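A short write-up of the structure that comes next.
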Amino acid sequence: MLVTLSMSAENSGQWLVVTPPEILGAALKAVVQAYARHRETRHSLKSCLYEVVRGKKYPAKSVEIARRLIWEYGTRKNLLAKIISKVLKDESFLPDRRILLELFTYQVLIKGCNRLEAAKFAQAARMVFGKEWMAPLEPLLGRVYALKLEDNKIIESKDELEYISLVHGHPKWFVEYLFNILDKAEAIELMRISNEKPPTYFVLNRLKVTEDEILRILEKDGVEFERDKRAPLLYKIISSKAIKDLVAYKRGLITVQDFSSVFSVISAQPKSDMKILDICAAPGIKTSLFAIYTQNKARVLSIDISPHRLKTYISYTRRLGVENADAVLCDATQDLPTHLSADVVILDPPCSSTGLFWREPSYRWVVQTYHGKEIFNYTEKNVEECRKICKEQRPTRILYLQHYG
């Protein structure tokens, strides 16, 4: 079987032409440095990127492009690695140069950029890395572009799992795992959707100001958004500058959420007189949503085992103006130190991180199968503690949250 890349009929590389070379060059430099930081610390690439640009004069547009490049690269990392191995043959290359070459390969072979657009990429790279640093890469850029002219026939694979892994950009073990729990067509569709940029949702935080005032602040900041009627106060971003640069975000007037988090809370039908036990609560997303939807009138007891994550919880909930919520540091697999007669117990235990394969594709190449096995035992103990609470107290609903994987 041949892995072939069908280029978009509409030119996908036009952005390379319209982006000033100094902006693109700064983005490329930030990405290369983020990967170097990732190799050194093993922190997430998203965190590494922000560590690289924090306190430095990177243009906001460059940071936005860098985030997109990292996301795109993560969706095809295995295929790009194979292509570059074919291009390099037995040549050894510094990791930083290899990353840049793979970024170029993505634009040429996945996005289908033309010769002018490819030249703009190379020009921007020379501007920030220097001609001497780029010299070993120059002939390889030509080799990569030549592959585009070979009827898009890139990699041959006789192994069906490997073939699907390369086509859809997921680890081979994960493809096999999905085939074991889903219909083959469903599994492939799930992987296909995971290679589409996910939407960004936010909830209006009416604990601080009115909904109308928040919307006016967002509009003044140039944010385009639309109402999502599936949940109260929920909106989807159509276009915006970096979220962290928005006035509404800085003031804690919006909270960025996955729809799944919002859905889990509204499915509990939050009411002002409720008592909620939030287990594995940090960083405080669902606690905050309960507070927002009940105007700080519900009582929430939040439990987490991690001191570091609870510090994040405290910072997050304070920024949003959450009250009537208490945090307890303890192990939820043991007897819980509370006699709270809860109406709802919400359990969002540590997961295998495969749910992040969509929003943060770089996790696909970090997570291993054994992570899920370790976490399963921990989750089972958490669920058992929740069952005990339900037996000892008046009728209580348990919301158990499980991301795919």
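A short reminder: the numbers here are calculations on the coordinates, not readings from a lab. Note that the structure is a prediction, hence the values are computed from the model and not measured. So basically every Cβ, Gly included, is an ideal-geometry build from the backbone, and we count neighbours across all protein chains shown.
If you average the sequence gap of Cα pairs under 8 Å that are 6 or more apart and divide by the length of the stretch 6-156, what percent do you get for the contact order? For the stretch 6-156, the relative contact order is 37 percent.
Considering all different alpha carbon pairs of the stretch 213-257, the Kirkwood hydrodynamic radius works out to 10.8 Å. Which shape class, rounded, prolate or oblate, goes with the stretch 1-139 when its Cα gyration tensor gives a ≥ b ≥ c as root eigenvalues, a/c under 1.5 marks rounded, and past that a/b bigger than b/c marks prolate? It is rounded, given that a/c, with a ≥ b ≥ c, falls under 1.5. Apply the Kirkwood formula to the stretch 257-336: the hydrodynamic radius equals the inverse of the mean of 1/r over all pairs of different alpha-carbon atoms; give it in Å with one decimal. For the stretch 257-336, inverting the mean 1/r across all distinct Cα pairs yields 12.5 Å.
Charge tally around VAL32: other residues with Cβ under 9 Å, Lys/Arg +1 each, Asp/Glu -1 each, net +1.
When only the Cβ of Lys, Arg, Asp and Glu is charged (+1, +1, -1, -1), the dipole of the stretch 1-136 relative to its Cα centre reaches about 240 debye.
The residues PHE202, PHE179, when put in order of fewest to most other Cβ atoms within 10 Å, stand as PHE179, PHE202.
With unit charges on the beta carbons (Lys and Arg positive, Asp and Glu negative) and the dipole taken about the Cα centre of the stretch 77-213, which residue among SER85, LEU103, LEU116 sits farthest to the positive side? Going by the charge dipole, the pick is LEU116. Modelled spin-label separation between LYS250 and LYS56, with each label point placed 7 Å from Cα along the Cα-to-Cβ direction: 2.2 nm. Taking a ≥ b ≥ c as the square roots of the eigenvalues of the Cα gyration tensor, an a/c ratio of 1.5 or more together with a/b no larger than b/c marks the stretch 239-378 as oblate. Counting only Cβ charges, +1 for Lys and Arg and -1 for Asp and Glu, the dipole size of the stretch 92-243 around its Cα centre is about 500 debye.
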